[in-house]
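Some notes on the structure that comes next.
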Amino acid sequence: MSDEAGVIESGPTLPASGRREHLLKESRVFCMLPWTHLSLRSNGDVVQCCNAGKVCLGNVAESSLRDLWNCERMKRLRLNMLAGRKSPECAVCYRADQCGLTTLRKWSNAELPHHFAVVEQTRPDGSLDRFNLPYLSLRFSNTCNLRCRTCRPQDSSSWQEEARLLGAPAVKPVVKMTPVDRAAVMRMVRELLPQAEIIHFSGGEPLVMEEHREILQYLVSEKLFRVRLEYNTNFSVLSHQGADFPKMWECFERVGISASLDGMGRRGEYLRKGLLWDAVVANRRRLAQVCPRVDFIVWALLSAMNAWHLPDFHAQWWAEGLLAYHHFQINPLYYPREYCAQALPSRLKKAVIKKYEKHIVQTARESGDAPAFEAAVKFMRAQNRSALLPEFRRRTLALDALRGERFEEVFPECAELVAQAGAV
């Protein structure tokens, strides 16, 4: 998508009577987030949502969240959405929408429609008089206890040494705000908490961050239990510095856990280095016992490595009662490009798709449709990226050598990915 997609070529198109339903449910570009949300990154950068890529509105070291609420990018984004024009910042959701996948755009339209009155108050220049942030997304640092194969060094503090040995550009071991900026941000966040409806924590790994523990304890002390808590977590730990999170979560009206788990047993441990699978299973059972009201969802990252395995993972956890049938979402990996499931060689991709179609038929017969797997099939069919296989092999074998692992032993069903370079 070119940068020109974000240029306003004509006057603003403001909401008119009766357009609410169209924008929320029929428009392919409209999203409630520019009227309800800002997202904070670990270095203090502020973006309009976590999928915004490199597009940054500003930094809290120089501007407050209130100042950035009506910056030029935000105003242009609002006007584009109201006029039905695409914006380059939203490319991730556009791609996922085409495959029928769950997207943050669709989620926000379903979860935040009661704020549509704010949309109707949009001024002709795209600005808003009302500073409206019911939905906060907080990423305080890249502090993490795992070294996931599909992660980037800047997103995990544990990755740095291996990244250096693999020739990646140098990045700071821990990406975080300065103490002065952190203190200012924590004050800003506390001021917003009484009006907050949803707080989303991510990382790194949010459950090992001091800032998360501090905010959660503040919410409990102030009895702000109506706030909905949402997490993206590797689910390896459930406590930090004496704070038992399941016991604290039980106080809140609604908590959602999106567990980033990509496979069972040694497959899961290979993909997310440092993960102990038995601990994950124990955490899941304890969460169900201590805090059964938590909405627990497995959010699996679909890659060339685990594509064959995901239906087995879903079927076993469902059979063991560790998750509800529909609480298994699939998020296609786009980067590193060579790990994308679209890079599977033709023969293997056909076999994977056949397995998914069988899984869809079998599970649909027992529990209804399987939208996550149907969308995954559509995604894998959408493009042939098998030309990336030589780079998949190079990267995988290089990291195997550093970690003393063998991909073909953990994923024997996909051994051909490293046995021969560039086969299609």
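The values are calculated or read from the model by the stated rules, or taken from the named source; none is laboratory data. This structure is a prediction, so every number in the text was calculated from the model and none was measured. Cβ: placed from backbone, ideal geometry, glycine included. Neighbour counts: every protein chain shown. Each accessible area value is taken on the protein alone, full model and side chains, heavy atoms only, with ligands, DNA and RNA left out. Shrake-Rupley method; radii C 1.70, N 1.55, O 1.52, S 1.80 Å.
Measuring from the lowest to the highest alpha carbon on each principal axis, how far does the range 17-102 reach, largest first, in angstroms?
Result, largest extent first: 39, 31, 16 Å.
Of the cross-linked pairs 86/378; 86/176; 25/176; 25/223; 86/354; 54/223, which ones have a Cα-Cα span greater than 30 Å in the structure shown?
Values: 86/378 22 Å; 86/176 32 Å; 25/176 38 Å; 25/223 35 Å; 86/354 35 Å; 54/223 37 Å.
Over 30 Å apart, Cα to Cα: 86/176; 25/176; 25/223; 86/354; 54/223.
Multiply the residue gap between residue 114 and residue 354 by 0.36 nm, knock off their C-alpha separation, and tell me the result in nm, one decimal place. Provide the component values of the computation, followed by the final result.
Values: separation 240, 0.36 × 240 = 86.40 nm, distance 4.19 nm.
Between residue 114 and residue 354, full extension yields an extra 82.2 nm.
What is the percent carbon and sulfur in the accessible area of the chain, measuring with a 1.4 Å probe over the protein chains and ignoring ligands?
Of the solvent-accessible surface of the chain, carbon and sulfur hold 50 percent.
Could you report the range 376-416's accessible area per residue, 1.4 Å probe, as an integer in Å²? Before the final figure, lay out each step's value.
On the way: 2010 Å² over 41 residues.
Per residue, the range 376-416 has an accessible area of 49 Å².
Using 0.36 nm per residue, how much length does the chain from residue 361 to residue 403 gain when fully extended, once their Cα-Cα distance is taken away? Write down the numbers at each step before the final one.
Details: separation 42, 0.36 × 42 = 15.12 nm, distance 3.87 nm.
11.3 nm is the gain from fully extending residue 361 to residue 403.
Rg and Dmax of the range 115-166, Cα atoms, in Å?
Radius of gyration, then largest Cα-Cα span, for the range 115-166: 19.7, 53 Å.
So what is the accessible area of the range 53-200 per residue, in Å², with the probe set to 1.4 Å?
46
Which value in deg cm²/dmol, rounded to the nearest 500, describes the helix-derived mean residue ellipticity at 222 nm for the chain, given -39,500 (n - 2.57) per DSSP H run of n ≥ 4 and division by the residue count?
-11000 deg cm²/dmol
Given 0.36 nm per residue, what is the gain on full extension from residue 223 to residue 86 after removing their alpha carbon distance, in nm?
Here the segment from residue 223 to residue 86 would lengthen by 45.2 nm.
Separation of the range 92-131 and the range 354-393 by C-alpha centroid, Å?
28
Which log10 I(q)/I(0) values, to two decimals, does the range 82-169 give at q = 0.11, 0.20 Å⁻¹ under the Debye formula with one point per Cα?
Taken in order of the listed q values, log10 I(q)/I(0) reads -0.57, -1.08.
Which FRET efficiency value, to the nearest 0.05, is calculated for residue 293 and residue 387 with the Förster distance at 56 angstrom and r the Cβ-Cβ distance?
Numbers: r = 48 Å, r/R0 = 0.85.
My answer for the efficiency is 0.75.
What chymotrypsin sites (Phe, Trp or Tyr not before Pro) in the range 313-343 are in a loop by DSSP, with at most 10 other Cβ atoms within 10 Å of the Cβ? Numbers along the way, then the final one.
Values: sites: 313, 317, 318, 325, 328, 334, 339; in loops: 325, 334.
Filter output for the range 313-343: empty list.
Would you work out which of 50, 101, 63 lies farthest towards the positive end of the dipole of the range 31-134, given +1 charges on the beta-carbon of Lys and Arg and -1 on that of Asp and Glu, about the Cα centre?
Comparing the listed Cα positions along the dipole, 101 ranks first.
In the calculated pair distance distribution of the range 252-346, what percentage of Cα-Cα distances lie above 19 Å?
Roughly 42 percent, once rounded to a whole number.
Could you give the C-alpha radius of gyration of the range 82-237 expressed as a fraction of 2.2 N^0.38 Å, taking N as the number of residues it contains? Please report the intermediate quantities before stating the final value.
Numbers: Rg = 18.4 Å, N = 156, 2.2 N^0.38 = 15.0 Å.
Normalised Rg, Cα atoms only: 1.23.
Along Cα→Cβ, 7 Å out, is where each label goes; now give me the distance between the ones at residue 22 and residue 285 in nm to one decimal.
With each label placed 7 Å out from Cα toward Cβ, I get 5.5 nm.
Modelled label-to-label distance, residue 419 and residue 162, 7 Å Cα→beta-carbon offset: nm?
2.5
Just the Kirkwood number for the range 230-298, please: inverse of mean 1/r across all distinct Cα pairs, in Å, one decimal.
For the range 230-298, the Kirkwood estimate is 12.5 Å.
Which value, in Å² rounded to 10, gives the accessible area of residue 191 with a 1.4 Å probe and all protein chains present?
Rounded to the nearest 10, that gives 130 Å².
So, R0 is 25 Å and r is the distance between the beta-carbons of residue 54 and residue 337; what FRET efficiency does that work out to, to 0.05? Mind showing how you got there, number by number?
Values: r = 16 Å, r/R0 = 0.64.
The formula returns an efficiency of 0.95 here.
Estimate the FRET efficiency between residue 130 and residue 72 by the formula 1/(1 + (r/R0)^6), using the beta-carbon distance for r and 22 Å for R0, to the nearest 0.05.
0.75
How would the range 149-204 be classified by its alpha-carbon gyration tensor: rounded, prolate or oblate, with rounded meaning a/c under 1.5 and the a/b versus b/c comparison settling the rest?
Since a/c reaches 1.5 but b/c is at least a/b, the shape of the range 149-204 is classed as oblate.
Any chance you could get the radius of gyration and Dmax over the Cα atoms of the chain, in Å?
Both quantities, over Cα of the chain: 21.8, 63 Å.
Check cross-link reach from residue 358 to the aspartates and glutamates: straight Cα distance under 18 Å, and skip same-chain residues fewer than eight apart.
Cross-link targets: 312, 366, 369, 374, 413.
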